[in-house]
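Values quoted throughout were computed directly from the atomic coordinates according to the rules given, and no laboratory measurement underlies them. If you're wondering where the values come from, they're calculated on a predicted model, not measured in any experiment. Here the Cβ positions follow ideal geometry from the backbone for every residue, glycine too, while neighbour counts run over all protein chains shown.
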Amino acid sequence: MALNVPGVLVMICFYLLVLGTGIWASFKSKKEAKKLRGDKTEMALLGNRGINLVVGIFTMTATWVGGGFIVGTAEAVYNPSMGLIWAVMPITATLCFIIGGLFFAQPMRDRKYVTMMDPFHIKYGKATTAALSLAALASEIMWVAGTLIGLGVTMSVILDLSYTVSIWISAAVAITYTLLGGLYSVAYTDVIQLILIFISLWLCVPFAMMSPASSDIMVTSFNNTLQPPWVGTLEADRAWVWIDNFLLLGLGNLGLQNFHQRTLSASSSSTAKITCFAAAVIVPTLGIPPILLGAVAASTDWNLTAYGSPAPFERGETGLVLPLTLNYLTPSYISIIGIGAVAAAVMSSTDSALLSAASIFSSNIYKNILRTQASDTEVQWVIRVSVVLVGLVGTSLTFLDNSVLMMWMLRSDLTYTLMLPQLTCVLFFGVSNGYGAIMGCLIGIVLRLLCGEPLLGLSPVIHFPGCTLVNDVYVQRSPIRTICMLSAGASILLFSYLAATVFDRELLPPSWDVFDVKSPKAEEARAQEEFGDVVCEHLNEDADVRDPMLDSKC
């Protein structure tokens, strides 16, 4: 194949459009900062908490509909061992947004946190927060990698452009406008990107379905034509695995800074909640085109195309099925439009992950732990450097594996089994403390490793009910991720209660209480120092017994 010059030109125009929007938003951000004379750091990370409902819905939706969402959904539908019934990402997004809107958006927004790690800093102090912040950073970096893989495989197939070049150019553009305008640039470019995603994807679907090489997807949905039916099957012994994956991809995203950054930047708590509920409806509709494209790929006789035989699955190119479908089953100009959809989706998720990771590092690690006296200007530079470094690391990870689905699952695994129980306990269970958080983290990680992970080549040490030997590899049939998540949550509460009991009854010397669990005075002092009266007021409301010393601080 020769370089697809028209396609390259179209992509250059797309990148210029996105970059121009980002630069315009950066000027708007600076103008707003001067007019409001607000905190520059908060302006960069949260848009001065002034994102309105319409822009909020666009940026929340676009953040989730990334390259991993589009390419991964098509990959799951096409994969003969999975099928539609396993392509749960569009529906799990609905679960995430509904639960997030009902339970997480209001308490986080009302207390005016800057990142989702702030409640950990207030309640647990520096050491525990630092460890958990590193886990949150890792999940955001993996999000960057997963989204960029989707674009890299698409551009390399359709434009015959180097996989490496495709990814680095896209990462450079996203890093540039995120550096310039922070959340304002991210939010306003998301508006453009989401419009392009919607139009482009739906334009590609009818052309692919009308390809002479493809059979009627309604016929192949339940009939074994060219491969097993693309609807897929759910055997009884895999039911718990399906439930596990569904909860993993749904609830796991609540442990991402990406989600909470959108609600924390909303102009009010009600706006944050409505944004979640609107996204819960919109995101699944954007999953329909990649589902249809995956079904078309599963219904195609590849011998009748220039791709030839064997089929992508037999060549080990299942992860490339979306770009292959666009390239070989649609006219060239339509496939170029499809690239625009994937590129828009990738950019909208990549920039969000870059800013989320930079938020956690600059606010929770650098400002709160490493350099508590850092000036606003210094923190601004830390944010910029963090964006670049996260972009470089995330982009480098894309060369380890080209499966979007694998990267998506590993990232969700981390947020589901580790971050979700931690965030739930720190927000909603007053008994939780630093001792419980550390034990919950250790037990969750160790138990998860002992359960094994085929994607990483780890054999299970613990064999839960249903664990079977398949092709000389033990495969778990139990919901191991949910078991690990619940075990971590139970450990946090149990060890928190035990630690509080031990120090309240003075079974150990008070000098050993490094996390100050005997009274909430340290917690209140940290809250007052970091967030002022708003958080102090909520902490006092949640306290079982008001401490007279707290009233003097708050």
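Structure data summary
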quantity: Gain on full stretching of the segment that runs from Glu314 to Val54 - 0.36 nm per residue minus C-alpha separation; calculated: 89.1 nm
quantity: For Glu453, residues with placed amide H under 5 Å, excluding near neighbours; calculated: Leu458, Ser459
quantity: Distance in nm between pseudo-label sites at Leu400 and Met210 (7 Å out along the Cβ direction from Cα); calculated: 4.4
quantity: Förster radius 45 Å - calculated FRET efficiency between Val470 and Ser268 (Cβ-Cβ, nearest 0.05); calculated: 0.30
quantity: Cα gyration tensor shape of the chain, rounded if a/c is under 1.5, else prolate or oblate by comparing a/b with b/c; calculated: oblate
quantity: Karplus 3J(HN,Hα) series, Hz, for the stretch 323-334 with 6.51 cos²θ - 1.76 cosθ + 1.60 (x for Gly, Pro); calculated: x, 5, 5, 5, 6, 9, 10, 10, x, 4, 5, 6
quantity: Positive-pole candidate from Leu486, Ala499, Gly436, dipole of the stretch 429-510, charges at beta carbon; calculated: Leu486
quantity: FRET efficiency estimate (nearest 0.05) - Cβ-Cβ, Leu486 to Trp242, R0 22 angstrom; calculated: 0.80
quantity: Calculated from backbone phi, Karplus (6.51, -1.76, 1.60) coupling profile of the stretch 122-139 in Hz, x at Gly/Pro; calculated: 5, 8, 9, x, 6, 4, 5, 4, 4, 5, 5, 5, 5, 5, 5, 4, 4, 5
quantity: Theoretical FRET efficiency, 1/(1+(r/R0)^6), r = Cβ-Cβ of Gln106 and Ile12, R0 45 Å, to 0.05; calculated: 0.55
quantity: Per-residue ³J(HN,Hα) for the stretch 156-161, Karplus 6.51 cos²θ - 1.76 cosθ + 1.60, θ = phi - 60°, Hz, x for Gly and Pro; calculated: 5, 6, 7, 8, 6, 9
quantity: Residue pairs, from the table Lys40/Lys123; Lys31/Lys273; Lys123/Lys367; Lys40/Lys112; Lys112/Lys367, whose Cα atoms sit over 21 Å apart; calculated: Lys40/Lys123; Lys31/Lys273
quantity: DSSP loop GluC sites (Glu not before Pro) with at most 14 other Cβ within 10 Å: longest gap in the chain; calculated: 236-505
quantity: Calculated P(r) tail over 20 Å for the stretch 429-510, as whole % of Cα pairs; calculated: 45
quantity: Ordering of 497-503, 453-459, 210-216, 43-49 by packing [mean C-beta count within 10 Å, highest first]; calculated: 43-49, 497-503, 210-216, 453-459
quantity: Value of Rg to Rh for the stretch 354-444 (Rh from inverse mean 1/r over Cα pairs, i.e. Kirkwood); calculated: 1.05
